[in-house]
Each structure stands twice: as structure tokens, then as C-alpha cells.
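The values are calculated or read from the model by the stated rules, or taken from the named source; none is laboratory data. Only a predicted model underlies this, so the values are computations on that prediction, with no experimental measurement involved. Every residue, glycine among them, receives a Cβ derived from its backbone with ideal geometry; neighbour counts consider all protein chains shown.
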Amino acid sequence: MIRAEAIPLPTPYEQLLALPENQVGEVIDGQLYTQPRPAGPHAAAEAAISANIGPPFHFGRGGPGGWWILPEPEIHFIRDTEVAVPDLAGWRRERMPTIPRDHRFEVVPDWVCEILSPSTQQKDRVLKLPLYARYGVAYAWLVDPLAHTLEAFELHEGKWLLLGAVREDETVCFPPFVAVTFSLADLWV
């Protein structure tokens, strides 16, 4: 009798690595989640946030500096097992003095920003916010480019505390970036 050998199935992370270029993948609670690259309003909001907080915090121009602010880093809370890709993330340089040389970021960020879309908002709120809390991300912002809102959260005793929400053209001034303010209207196209 010839015995067939079982071919091992690829791990969720191996499946993530095999995704086409136009897909973003994350492994949350052992499950692979995929989505297409962002649409225009999402990309515009991401660029505007980066343009407003990047110079004062990433570069120290007109602000305190001392941060890395990066788009779509692949954060490995557990290497190749628990992997999230926030739209933007920030690290205090005292906690992460240098940027990793490969695609894996293994230092928990101090801040994340998720830009919601109809296809991702449930995952961002129900799966990713608890994931970020579980691993100790101190601050999270949720931006909805269709509803024109930004919600800011701070982790307090393992739970997210809503610091505030702004809409349309109100002023954004939330931790950890209170040294600068900008109009939320900058985000909308």
C-alpha cells in the first residue's frame, strides 16, 4: 500500500507573503485578512495627516521632533503570527532608535491611525482596536473620510478611552500630538 504524504498547508503569514502587490494582508488572531489598496479619499486623508504631523514630529520642523511617523508599516506583535498594517503608525525614537532594515517592525508603536472605509471599518473597530490594546499601543486615531470625522483614543488600564471626536473642519489637537493643531478639513477631498 502506498501512503500519501500530507502536504503542509501554508501558514497565514506565508499566504500573506504570496498576496499580489495590489493587496494588503494582516494576520489577526490566526486569521488572514486581505483588502485592496486604498481608494482616493483614504489615500488623501492619510497623506494629509502625515503632512500635518510629519514635519513637527518626524523631522522636528516647527515641533518637538523625536518620532518616527510611517505609512503602512508591517507590525509584528508576534513575529509572523500576529501582524497588523495600520495606515499610519508612530514611535517615539527613545523606544525605537532606528527603523528596522527589513519589513518587520517588532517594536509596538506608540500611536496608530486607521483610516476607515466601508470595507474595513468593522475590522478596524472590532478586531484591530482590541489587538492594539492587547499589545499596549498607547494612542489610536480613527479617521472616516466619508463621514468627515476623527476619533482619538488613549489606552487606559487596558481599555480604550475616547479623548474626543471632531468633524468636518474642526481643529485637531489630540495626544500624543498636542504640540501642533490643524484643521480636519485638510483631510477631505
When residues of the range 52-84 are limited to those that are assigned to a loop (DSSP other than H, G, I, E, B), touching a Pro at 6+ places or on another chain (Cβ under 8 Å) and free of Cβ contacts under 8 Å to residues at least 40 places away in the same chain, the one surrounded by the fewest Cβ atoms within 10 Å (Cβ to Cβ): 61
Six or more apart or on different chains, Cβ atoms under 9 Å: show the pairs whose first residue is in the range 155-177 and under 20 Å from residue 89 (Cβ atoms) and in contact (Cβ under 8 Å) with a residue 40 or more places away in the chain and whose second is part of a strand (DSSP E or B) and among the aromatic types (Phe, Trp, Tyr). 172/141; 172/182; 176/67; 176/111; 176/139; 177/67; 177/111; 177/139
Residue match in the range 37-49 (condition: closer than 30 Å to residue 10 by Cα, without any contact (Cβ under 8 Å) to a residue 24 or more places away in the chain and under 17 Å from the mean Cα position of the chain (by Cα)): yes
Residue pairs within 7 Å by beta carbon, gap of at least six or interchain, first lying in the range 136-154 and within 16 Å of residue 40 (Cα to Cα), second part of a loop (DSSP other than H, G, I, E, B) and modelled with pLDDT under 95, listed first then second, are 145/188; 148/188
Could you check, for the range 104-122, whether at least one of its residues is farther than 18 Å from residue 155 by Cβ, free of Cβ contacts under 8 Å to residues at least 40 places away in the same chain, part of a loop (DSSP other than H, G, I, E, B) and among the charged types (D, E, K, R)? yes
Filter the range 93-103 for residues that are surrounded by fewer than 17 Cβ atoms within 10 Å (Cβ to Cβ) and touching a residue at least 24 places away in the same chain (Cβ under 8 Å); the one that is farthest from residue 16 (Cα to Cα) is 94
Any residue in the range 178-189 that is among the aromatic types (Phe, Trp, Tyr), surrounded by 15 or more Cβ atoms within 10 Å (Cβ to Cβ), within 18 Å of the chain's Cα centre (by Cα) and modelled with pLDDT of 95 or more? no
Restricting attention to the range 126-148, which residues are surrounded by fewer than 19 Cβ atoms within 10 Å (Cβ to Cβ) and either aromatic (Phe, Trp, Tyr) or under 13 Å from residue 49 (Cβ atoms) (or both)? 135
Checking residue 163 against (1) aliphatic (A, V, I, L, M); (2) within 25 Å of residue 56 (Cβ to Cβ); (3) part of a loop (DSSP other than H, G, I, E, B), only one condition comes out false. Which one? (3)
Filter the range 6-28 for residues that are part of a loop (DSSP other than H, G, I, E, B) and surrounded by 12 or more Cβ atoms within 10 Å (Cβ to Cβ); the one that is farthest from the chain's Cα centre (by Cα) is 10
Read through the list (1) in contact with an Asp or Glu (Cβ under 8 Å, 6 or more places away or on another chain); (2) surrounded by fewer than 19 Cβ atoms within 10 Å (Cβ to Cβ); (3) under 22 Å from residue 43 (Cβ atoms), then give the number of the only condition that residue 87 fails. (2)
Scan (1) in contact with a helix residue (DSSP H, G or I) (Cβ under 9 Å, 6 or more places away or on another chain); (2) in a loop (DSSP other than H, G, I, E, B) for the single condition residue 34 breaks and write down its number. (2)
